[in-house]
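The structure appears below as structure tokens.
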Amino acid sequence: MARHSKPSRKPGGDARRKATREAVAQATRTSAARDAAKAIEAPDERRGTRALGGDPFTGELRKREVLPLLVLHFIHNGPSYGNQLMERISAVTEGVLSVNPNTMYPLLRQLEGRGLIEGSWEHPERRSRRYYSLTNEGEQELERLVREVRPFLESIAQSIDEIVDEVYGGD
């Protein structure tokens with residue numbers, strides 16, 4: 001199958017981009033905590049495994065470490081807590097990638113268990129919010145993910161643009 005180079009943004013592209021976001025959002029509404037846990041295993045623990053059930057698009061995003069990348073990125077910008085991270089991920093993906101507490105908190109515990117982040121309670125006496133900060137190891141992992149995840153994200157963007165061009169033409 002021949003690939004065509006992607007032309008510059010076309011007039012009317014906002015409607016197409018909105019349609020693309022809505023289509024992808026529909027495909028990624030469901031998420032499973034076990035997919036997130038699978039995504040953040042150490043690389044040598046993951047060899048030879050496949051993403052667990054669920055939506056193939058969501059599973060592939062988790063398998064390719066997109067959620068850990070986003071979580072570490074936002075924590076790199078300053079200490080953050082779980083609900084805040086879920087809101088930021090939803091905002092940056094315009095709701096396409098929705099993360100619920102059953103996904104976020106196991107992910108945070110696993111990242112903390114791997115020594116990539118460290119958490120502390122805002123008010124230890126009442127355990128209100130647990131703020132997470134990046135460790136030195138977390139900084140190194142973030143740098144690795146930034147390098148390694150980008151080609152995957154670019155291929156998704158290219159593929160979606162090609163699907164939209166094919167189906168919707170030059171709208």
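The values are calculated or read from the model by the stated rules, or taken from the named source; none is laboratory data. In this text the structure is predicted, and so the values were computed from the model without any measurement. Heads up, the Cβs are rebuilt from the backbone with ideal geometry, glycines too, and the neighbour counts pull from every protein chain shown. Ligands, DNA and RNA are excluded from the accessible area calculation, which covers all protein heavy atoms including side chains. Shrake-Rupley method; radii C 1.70, N 1.55, O 1.52, S 1.80 Å.
Things to note:
- Subset of the range 63-83 (residues that are of a type in the set (Val, Ile, Thr), modelled with pLDDT of 95 or more and either open to solvent by 10 Å² or more (accessible area, probe 1.4 Å) or under 11 Å from the mean Cα position of the chain (by Cα) (or both)): 71
- Residue within the range 126-143 that is out of contact with any Phe, Trp or Tyr (no Cβ under 9 Å at 6 or more places or on another chain) and modelled with pLDDT under 95 present: yes
- Selected residue (criterion: surrounded by the fewest Cβ atoms within 10 Å (Cβ to Cβ)) from residues of the range 84-100 that are of a type outside the set (Lys, Arg), under 26 Å from residue 136 (Cβ atoms) and touching a residue at least 12 places away in the same chain (Cβ under 8 Å): 92
- Condition broken by residue 103, with the remaining ones in (1) farther than 19 Å from residue 142 by Cα; (2) modelled with pLDDT under 70 satisfied: (2)
Here is a yes/no grid of residues against (1) assigned to a helix (DSSP H, G or I); (2) out of contact with any strand residue (DSSP E or B) (no Cβ under 8 Å at 6 or more places or on another chain):
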| residue | (1), (2) |
| --- | --- |
| 67 | yes, yes |
| 70 | yes, yes |
| 74 | yes, no |
| 78 | no, yes |
| 83 | yes, yes |
| 87 | yes, yes |
| 91 | yes, yes |
| 95 | no, yes |
| 98 | no, yes |
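- Residues located in the range 113-171, provided they are open to solvent by less than 50 Å² (accessible area, probe 1.4 Å), closer than 13 Å to residue 68 by Cα and assigned to a helix (DSSP H, G or I): 138, 141, 142, 144, 145, 149
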